[in-house]
Amino acid sequence: MPPRLLIDPAPAPRRRAVRGVFRDGDGGLSAANPGAFDAALLREARADGFFGKIGETHLVSVQGVKTLLVGLGARKEADGHTLRLFGAAAYRRIAATTWPEVRISPPDGVLPTAEAVRAVAEGVGLAAYRHDAFKSKPADAPAIREIRFDAPPREAKAAGERLALARLFTEAVDFARDLINEPPSRKTPSVLGRRARALAGPRVRVTVHEKPALLKMGAGGLLGVNRGSAHPPVMVHFRYAPAGRPRRRLAFVGKGITFDSGGLSLKPADGMMTMKYDMAGAATVFGLFTVLPRLAPDVEVHGIAPITENMPGPDAYKPGDVVTALNGKTIEVLNTDAEGRVVLADALAYAARLGPDEILDVATLTGAATVALGKNVLAVMSNTPALMDRLGAAARDAGEKTWPLPLEPSYRDHIKSKVADLKNIGNPGEAGTIIGGLFLEEFVDGRPWLHVDMAGVGWNANGSPLSPPGATGAVVRTFLNHILRADGRNRP
Ligand code: BES
Ligand code: ZN
Ligand code: ZN
């Protein structure tokens, strides 16, 4: 069980505390809360080798209170993300103690108190995720049961609201992480269809299109990719409707390949070890709908996830095959491992038919995204600069990094086919991530659209400050921020 996170406006005498410490220009240290420590204590911590670097921790005793010092780096560089990292580092260190409860003082002077509580709590929540369902003897759970955040009484209400927001955000991320970490044979399309239906409620309608419906609507891309698999595909359609008139209508589309073997263009063994995470885009979309009714934005939100395995079974689609997508465009499949764009072709065309104001898709689309930007930066492409700017701002608020790639028009030739409208690969070794984006653009019917390639960022075998090893749950918080901004209240 993760610890309970609470606001405490009337601190009882404390026994265990967490305090931030900035590192000064001259190499000294300063407390992140006025009057927290005397100079001698900080000099001693420094002499003991504590530098106040971001994420660094140091245990001291202050007048009988066990105090965990957590480094914040330089004060002038500190921002919301520094506070997230502070929360995460604090949690990790606390989890290694026998402490049942602790009080965290959000650092002063970086953000207003309530916002600071939100950021620190989000860091705590993201770091507290565990995936040990398949250990017959799970490692001992951390002793920590309760984490309280200091907030002065007049700010307690606002801080409580922002804490609730942090809890919702981490809940959505953890839902996505759980789905992504699930072993591939246990999350077949029908299983994910059931998980989707379970998210239906008063404000969320869920339709799971099964194979007969897909045949009828002409989803030839999804059906084509599915042919090598023993498990039929599904296309999930979530729809969140606000209580009042929606200010905008957004559609989110997520790639849902529950396992990508490459199909007949089979991947090498090393290349498929982590390919259960090829449904991370779909998991992102699922995550949004777990919390949207409670976030209650004034916008209509659609979520579409085309879900199938990509396998080389006896009837698998073959290099040279031609499939017809939902919008009637024909695709010559020259590499069955470029399957994400083929299933997304249908899903984007489906989204475009709903007539939304904008379409955002997220996919583990290309290995080339990792080559270009590595594991910490999302590749983003869009046909609408203003949408790109808004998404970039939403990502910054979430502490996620994005970088734009151009939808270079002169490369459109690369995906022209001699036999069909398009082919599913470009020139070998040339701009693979951009080619993926250009291909998807063909299916959005000219609507404002943005594509996030999360192939590099969705999985981290070693873990990162905010994520244990495995699924990172990336993009969920960025999309939630984007939705909250779209409702006009412009809440970060
Ligand atoms: N799911 C992969 C992309 C991927 C690779 C995601 C590594 C995460 C880590 C995608 O379906 C794929 O195989 N793409 C091919 C496209 C190529 C054949 C044009 C790729 O990137 O090699
Ligand atoms: Zn593939
Ligand atoms: Zn794939």
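The values are calculated or read from the model by the stated rules, or taken from the named source; none is laboratory data. This is a predicted model, so every value here is computed, not measured. No Cβ is skipped: glycine too gets one built from the backbone with ideal geometry, and neighbour counts run over all protein chains shown.
Considering only residues in the stretch 309-333 that are under 17 Å from LEU440 (Cβ atoms) and part of a loop (DSSP other than H, G, I, E, B), the one that is nearest to ligand 2 (Cβ to nearest atom) turns out to be VAL333. Only one entry of GLY109, GLY87, GLY125, GLY73 meets the criterion of being buried (at least 16 other Cβ atoms within 10 Å of the Cβ) and at positive phi, and that entry is GLY73.
Checking GLY228, GLY263, GLY256 one by one, the residue that is within 16 Å of ligand 3 (Cβ to nearest atom) and under 19 Å from the mean Cα position of the chain (by Cα) is GLY256 and no other. Taken together, the residues in the stretch 223-250 that are closer than 17 Å to ILE359 by Cβ and crowded, with 22+ Cβ neighbours inside 10 Å amount to 5.
Of all residues being small (Gly, Ala, Ser) and closer than 28 Å to ARG248 by Cα in the stretch 300-327, which is farthest from ligand 1 (Cβ to nearest atom)? Just the residue, please. Only one residue tops the list, namely GLY303.
Report whether or not GLY392 is within 20 Å of ASP357 (Cα to Cα) and at pLDDT 95 or above. Yes; evaluated as a whole, the condition is true for this residue. Within the stretch 252-266, is there a residue that is over 22 Å from LEU360 (Cα atoms), surrounded by fewer than 23 Cβ atoms within 10 Å (Cβ to Cβ) and of a type in the set (Ser, Thr, Tyr)? Yes: the stretch 252-266 contains one or more residues that are over 22 Å from LEU360 (Cα atoms), surrounded by fewer than 23 Cβ atoms within 10 Å (Cβ to Cβ) and of a type in the set (Ser, Thr, Tyr). Within the stretch 159-182, identify whether any single residue is touching a Pro at 6+ places or on another chain (Cβ under 6 Å) and at pLDDT 95 or above, and answer yes or no. The answer is no; no qualifying residue exists.
Applying the selection to the stretch 372-385, what residues are over 21 Å from GLY463 (Cβ atoms) and touching a residue at least 24 places away in the same chain (Cβ under 8 Å)? ALA372, ALA379, VAL380, MET381, SER382, ASN383, THR384 - these are the residues of the stretch 372-385 that are over 21 Å from GLY463 (Cβ atoms) and touching a residue at least 24 places away in the same chain (Cβ under 8 Å).
Tally up the residues in the stretch 126-180 that are without any contact (Cβ under 8 Å) to a residue 40 or more places away in the chain and either closer than 25 Å to GLY20 by Cβ or of a type in the set (Gly, Ala, Ser) (or both), please. Residues that pass the stated criteria total 6. Scan the stretch 421-444 residue by residue and report those that are among the polar types (S, T, N, Q) and more than 23 Å from the chain's Cα centre (by Cα). Once the filter is applied, which keeps residues that are among the polar types (S, T, N, Q) and more than 23 Å from the chain's Cα centre (by Cα), the stretch 421-444 yields ASN424, ASN427.
The single condition among (1) more than 16 Å from ligand 1 (Cβ to nearest atom); (2) out of contact with any strand residue (DSSP E or B) (no Cβ under 6 Å at 6 or more places or on another chain) that ALA372 does not meet is (1). Inspection of the stretch 282-295 identifies no residue that is outside any helix (DSSP H, G or I) and in contact (Cβ under 8 Å) with a residue 40 or more places away in the chain.
Which of the strands (runs of 3 or more DSSP E) contained wholly in the stretch 224-265 include at least 3 residues that are away from ligand 1 (no atom under 16 Å from the Cβ) and of a type outside the set (A, V, I, L, M)? In the stretch 224-265, 234-240 are the strands (runs of 3 or more DSSP E) which contain 3 or more residues that are away from ligand 1 (no atom under 16 Å from the Cβ) and of a type outside the set (A, V, I, L, M).
The rows are residues; the columns are (1) part of a strand (DSSP E or B); (2) of a type outside the set (D, E, K, R); (3) crowded, with 20+ Cβ neighbours inside 10 Å.
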site: TRP403; (1), (2), (3): yes, yes, no
site: ALA420; (1), (2), (3): no, yes, no
site: ILE425; (1), (2), (3): no, yes, yes
site: GLU430; (1), (2), (3): no, no, no
site: THR433; (1), (2), (3): no, yes, yes
site: GLY437; (1), (2), (3): no, yes, yes
site: ASP445; (1), (2), (3): no, no, no
site: LEU450; (1), (2), (3): yes, yes, yes
site: VAL457; (1), (2), (3): no, yes, yes
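Note on the stretch 37-56: among residues that are assigned to a loop (DSSP other than H, G, I, E, B) and without any contact (Cβ under 8 Å) to a residue 12 or more places away in the chain, the one that is farthest from ARG93 (Cα to Cα) is ASP38. Number of residues in the stretch 269-299 that are within 11 Å of ligand 1 (Cβ to nearest atom) and surrounded by fewer than 22 Cβ atoms within 10 Å (Cβ to Cβ) equals 6.
Among the residues making up the stretch 321-339, those that are within 13 Å of ligand 3 (Cβ to nearest atom) and either hydroxyl-bearing (Ser, Thr, Tyr) or buried (at least 17 other Cβ atoms within 10 Å of the Cβ) (or both) are THR336, ASP337, ALA338, GLU339. Quick test of your reading of the structure: PRO189 fulfils all but one of (1) touching a helix residue (DSSP H, G or I) at 6+ places or on another chain (Cβ under 6 Å); (2) within 27 Å of PHE479 (Cβ to Cβ); (3) not β-branched (Val, Ile, Thr). Name the failing condition by number. Going through the list (1) touching a helix residue (DSSP H, G or I) at 6+ places or on another chain (Cβ under 6 Å); (2) within 27 Å of PHE479 (Cβ to Cβ); (3) not β-branched (Val, Ile, Thr), PRO189 breaks only (1).
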